[in-house]
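Scroll down for the structure; my scribbles are underneath it.
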Amino acid sequence: MIGAIAGDIIGSVYENHPIKTKDFPLFHARCQFTDDTVLTVAVADAILRDRPYVNSIRQVGRRYPSVGYGDLSSNGFTRTMPNPTTVGETALLCG
């Protein structure tokens, strides 16, 4: 998980501007965590606390509404679905 989060932060400045070199600074001044980190932490929270994915995704996602969820509108964290049981169903709530 630490590696995934580090990779997300390091790669954040290259997400829309890919590079093809192995010579780049690991932590650029503009590096920041993205939606990938937020949702990774939310899923880990759900697993560790044995709680529904949707609850963790909504709780953590609402704390960080502007980290680049693609086409996800802010109301994606407030929609309801009866008893989502999988990560896929939970993702439907948020996108």
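The values are calculated or read from the model by the stated rules, or taken from the named source; none is laboratory data. No experiment lies behind these values; they were computed from the predicted model shown. Neighbour counts are summed over all protein chains in view; Cβ atoms, including those assigned to glycine, are modelled from backbone coordinates with ideal geometry.
Some observations on this one:
- Pairs where the first residue, in the range 39-66, is of a type in the set (A, V, I, L, M) and the second is in a loop (DSSP other than H, G, I, E, B) and modelled with pLDDT under 90, C-beta under 6 Å, 6+ apart: 54/84
- Residue among 54, 41, 67 that alone is in contact with a Cys (Cβ under 9 Å, 6 or more places away or on another chain) and either surrounded by 15 or more Cβ atoms within 10 Å (Cβ to Cβ) or not hydrophobic (A, V, I, L, M, F, W, C) (or both): 54
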